[in-house]
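Engineer: First the structure, which I've put down as structure tokens, then a few questions once you've had a look.
The values are calculated or read from the model by the stated rules, or taken from the named source; none is laboratory data. All values derive from a computational prediction rather than experimental measurement. Note: ideal-geometry Cβ built from the backbone for every residue, glycine included; neighbour counts use all protein chains shown. These accessible areas exclude ligands, DNA and RNA; they are computed on the full protein's heavy atoms, side chains included. Shrake-Rupley method; radii C 1.70, N 1.55, O 1.52, S 1.80 Å.
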Amino acid sequence: MPTDTKRVRGPEASQSPSLFLCKPAAVLPSRGPRADGRQRDQVDVRPVFVRCGLVSQAKGSAYIEAGNTKLMCCVYGPRETERKDETDMKCGRLTTDIRFAPFSCPERGSWIQGSQDKDLSLMLHESLQPAVCLHKYPRSQVEVNVMVLENSGSVLAHAVTCASLALADAGIEMYDLVLGCSIHQDGASYVVDPSYAEENSCGSVSGENQGGLTVAFLPSLNQISGLQSDGEMAEETLTAGVRTCIEGCYKLYPVIQQALSRAVRRAAPPPSES
């Protein structure tokens with residue numbers, strides 16, 4: 001019998017595709033310590049590693065790593081805007097773009113920007129725009145591009161922090177840095193800076209006070225520049241969640257300040273010898 005020369009045969013020792021099917025979301029325990037050792041119902045954020053100025057081709061760049069969540073942000077501009085209108089004559093324009101690398105999630109994604117990427121880009125824009133002095137850059141635009149290298153939860157919150165740090169590294173005038181923090185509410189219990197498994201875990205049977213909250217905060221001005229929530233939460237729970245996120249932002253503030261100070265010292269010219 002003739003063989004099909006156009007057919008690519010699989011290897012001899014191959015596995016059934018059913019082994020690679022997505023498993024249903026696990027029900028994580030609502031009491032006791034979390035999987036990574038952090039405590040529930042406390043402002044317990046993951047250790048953060050931050051570095052500025054890693055991409056030489058960009059005007060400013062930043063890299064942030066919180067647990068297994070890894071993001072890179074590049075800032076280009078200010079450059080002359082392509083589409084001019086009456087608004088651009090008075091102040092500049094800020095454009096934001098968030099994309100997930102195909103290998104960033106358990107389910108392989110595409111390079112084409114999907115609906116989730118567009119929603120996150122819009123939320124990032126709403127969080128950053130109040131902090132940038134766009135009136136200093138008339139007829140210009142500033143581009144902020146965020147690439148998610150690994151998604152292990154709280155992507156939007158860390159994208160806000162990383163983009164703010166990259167804008168400061170690029171020398172863009174800002175009123176204040178913007179820091180992000182998120183919580184996941186599960187009934188009467190909550191977790192700060194949730195992981196990917198905690199964000200996608202099944203909630204309690206009652207279904208009350210289930211959802212997530214992300215806050216973008218300007219620590220020096222003590223103002224909230226962006227707030228995004230999903231799910232169903234009571235007014236008291238939402239108010240307490242905002243306070244918790246603000247406290248988490250204050251915990252991150254010294255780390256971001258030190259990273260920015262180190263970047264400024266590296267970029268400063270050596271002292272002249274008299």
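Engineer: State yes or no: is S182 open to solvent by less than 30 Å² (accessible area, probe 1.4 Å), at pLDDT 90 or above and touching a Gly at 6+ places or on another chain (Cβ under 7 Å)? Steps first, answer last, please.
Structural biologist: Values: open to solvent by less than 30 Å² (accessible area, probe 1.4 Å): yes; at pLDDT 90 or above: yes; touching a Gly at 6+ places or on another chain (Cβ under 7 Å): yes.
Here the answer is yes, as S182 does meet what is asked.
Engineer: Name the single residue that is nearest to the chain's Cα centre (by Cα) among those in segment 64-84 being aliphatic (A, V, I, L, M) and buried (at least 22 other Cβ atoms within 10 Å of the Cβ). First the steps, then the outcome.
Structural biologist: Applying the first criterion (aliphatic (A, V, I, L, M)) to segment 64-84 yields 64, 66, 71-72, 75.
Filter again for buried (at least 22 other Cβ atoms within 10 Å of the Cβ), leaving 64, 66, 71, 75.
Values: I64: 9, A66: 10, L71: 7, V75: 15 Å.
This residue is L71.
Engineer: Moving on. Cβ-Cβ distance below 6 Å, separation of 6 or more or different chains: which pairs start in segment 99-114 with a residue that is exposed (fewer than 11 other Cβ atoms within 10 Å of the Cβ) and end on one that is modelled with pLDDT of 70 or more and part of a loop (DSSP other than H, G, I, E, B)?
Structural biologist: As it stands, the answer is R108/P102, since those pairs meet every condition given.
Engineer: Another question about this same structure. Within segment 184-193, is even one residue under 24 Å from C73 (Cα atoms) and not β-branched (V, I, T)?
Structural biologist: We begin by selecting, within segment 184-193, every residue under 24 Å from C73 (Cα atoms); these are 192-193.
Restricting the remaining residues to those that are not β-branched (V, I, T) gives 193.
Scanning segment 184-193 turns up at least one residue that is under 24 Å from C73 (Cα atoms) and not β-branched (V, I, T).
Engineer: Then there's this: Take Q258 and decide whether it is in contact with a helix residue (DSSP H, G or I) (Cβ under 6 Å, 6 or more places away or on another chain) and not hydroxyl-bearing (S, T, Y).
Structural biologist: Details: in contact with a helix residue (DSSP H, G or I) (Cβ under 6 Å, 6 or more places away or on another chain): no; not hydroxyl-bearing (S, T, Y): yes.
For Q258, the condition - in contact with a helix residue (DSSP H, G or I) (Cβ under 6 Å, 6 or more places away or on another chain) and not hydroxyl-bearing (S, T, Y) - is not met.
Engineer: Let me ask something else about it. So which residues in segment 90-123 are in a helix (DSSP H, G or I), of a type in the set (A, V, I, L, M, F, W, C) and either modelled with pLDDT under 85 or out of contact with any Gly (no Cβ under 8 Å at 6 or more places or on another chain) (or both), if there are any at all? Quick ask: steps written out before the conclusion?
Structural biologist: Here is the first cut: in segment 90-123, the ones in a helix (DSSP H, G or I) are 90, 115-123.
Keeping just the survivors that are of a type in the set (A, V, I, L, M, F, W, C) gives 120, 122-123.
Within segment 90-123, L120, L122 meet the criteria.
Engineer: While we're on this one: All but one of (1) free of Cβ contacts under 8 Å to residues at least 12 places away in the same chain; (2) touching a Lys or Arg at 6+ places or on another chain (Cβ under 9 Å) hold for D119; state the number of the condition that does not hold.
Structural biologist: Going through the list (1) free of Cβ contacts under 8 Å to residues at least 12 places away in the same chain; (2) touching a Lys or Arg at 6+ places or on another chain (Cβ under 9 Å), D119 breaks only (2).
Engineer: Among the residues of segment 137-159, which ones are open to solvent by 10 Å² or more (accessible area, probe 1.4 Å) and part of a strand (DSSP E or B)?
Structural biologist: S140, Q141, E143, N145, M147, L149, E150
Engineer: Looking only at segment 39-61, which residues are among the β-branched types (V, I, T) and part of a loop (DSSP other than H, G, I, E, B)? Don't jump to the end; show me each part of the working.
Structural biologist: Step one: list which residues in segment 39-61 are among the β-branched types (V, I, T), which gives 43, 45, 48, 50, 55.
If the condition is that a residue be among the β-branched types (V, I, T) and part of a loop (DSSP other than H, G, I, E, B), then V43, V45, V55 are the ones that fit.
Engineer: Of the residues D230, D176, which single one is open to solvent by less than 20 Å² (accessible area, probe 1.4 Å), more than 16 Å from Q42 (Cα to Cα) and of a type in the set (D, E)?
Structural biologist: On the way: D230 fails: open to solvent by less than 20 Å² (accessible area, probe 1.4 Å).
Matching residue, one of D230, D176: D176.
Engineer: Right, something else. Go through segment 217-227 and report how many residues are under 12 Å from R243 (Cα atoms) and open to solvent by less than 10 Å² (accessible area, probe 1.4 Å).
Structural biologist: Selection size over segment 217-227: 1.
Engineer: Output the number of the condition that D36 fails; it satisfies all remaining conditions of (1) open to solvent by less than 70 Å² (accessible area, probe 1.4 Å); (2) modelled with pLDDT of 70 or more; (3) within 17 Å of Y196 (Cβ to Cβ).
Structural biologist: Among (1) open to solvent by less than 70 Å² (accessible area, probe 1.4 Å); (2) modelled with pLDDT of 70 or more; (3) within 17 Å of Y196 (Cβ to Cβ), D36 violates only (1).
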